[in-house]
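Note sheet for the following structure.
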């Protein structure tokens, strides 16, 4: 039985290595703004550092873990923002990982006294690799021992490539919407010297804030915010839809992930994944959030859900530029 598990594990890992990539999944997508869209670079009135960690399906041994760190800054005199980000996604017992380091630039365009637009570009360097020593192939298995790996199998190696993203976002005092085109150049990520292009991904996001006391972005703001995120990559798509309730310093959130009733990838496999619950706390310069995903797909009771933590530090927020109005995107922080 143990050898059978070795064989299954090897087949799954090799299938992942030669298959199409799965971009990291984040429930607190607004708490990782530079990953959601380059247009969020410089979307505060000063500087910001963001740290994120996600542990997906912990009941499945070393399933998915995601780490992200980013820094961005707004330049009021140039009405521009720049961002630098790092993220790493690790999957499986053989540590199949993808590491991304990217640079972003966005420009703020005033459309009307109340509406703005932010086109943005992103250039990133990505590296994909696997811990080859932890792989076990079927030809290594015998009734008495696991044989050393042969030289033919050692064709697996790490690979690096460039990746490009474009985004466009429009926003007003209480509304925002944007589109993102990721993997525009469809880079090859094969670990075996074959062609394995990453399919282009399309994102469409937006939302609206309803302020109870009409103190938008104020420290004593009370509001309810509705938001959505739709993603499509090749034949797969996903919709996150939910709401945030904020009475600063406390923020609570709830989302549903899936498109039930509209699409099934296979008989018996509906397009629904999880419901997410979030709690956040605002300090003067720091925002801390935690969310838990409760699985509602056929993995319910087996995945252990998902845990996600975010920390946002905003500073140097009192910049002034002659004749320039402070412009802040009204989206949630988590």
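Every number here is computed from the coordinates shown, using simple stated rules; none is lab data. Computed from a predicted structure; not experimentally measured. Cβ coordinates were reconstructed from backbone atoms using ideal geometry, including for glycine residues, and neighbour counts include every protein chain displayed.
Using 0.36 nm times the number of residues separating residue 177 and residue 208, minus their current alpha carbon distance, what extension gain do you get?
Between residue 177 and residue 208, full extension yields an extra 10.3 nm.
With the crude spin-label approximation of a point 7 Å out along Cα→Cβ, what separation in nm comes out for residue 161 versus residue 243?
Between residue 161 and residue 243, the simple spin-label model gives 4.2 nm.
Let me see the P(r) profile for the range 25-77: every Cα-Cα distance counted, bins of 10 Å, each bin given as a percent of all pairs.
Reading the bins upward from 0: 23, 43, 22, 10, 2, 0.
Please arrange 131, 163 by how many other C-beta atoms lie within 10 Å of their C-beta, fewest to most. Walk me through the numbers before you get to the answer.
Details: 131 13, 163 19.
Ordered from fewest to most neighbouring Cβ atoms within 10 Å, 131, 163 come out as 131, 163.
Calculate, for residue 318 and residue 131, the FRET efficiency according to 1/(1 + (r/R0)^6) with r their C-beta to C-beta distance and R0 41 Å; round to the nearest 0.05.
My answer for the efficiency is 0.30.
Any idea how far apart residue 111 and residue 220 come out in nm if each label point goes 7 Å out from Cα toward Cβ?
3.4 nm
How high is the FRET efficiency between residue 47 and residue 234 when r is their beta carbon distance and R₀ equals 22 Å, given to the nearest 0.05?
0.05
Give, in nm to one decimal, the length gained when the segment between residue 197 and residue 294 is fully stretched (0.36 nm per residue of separation minus the Cα-Cα distance). If you can, show how the numbers build up before the last one.
Working: separation 97, 0.36 × 97 = 34.92 nm, distance 3.19 nm.
31.7 nm is the gain from fully extending residue 197 to residue 294.
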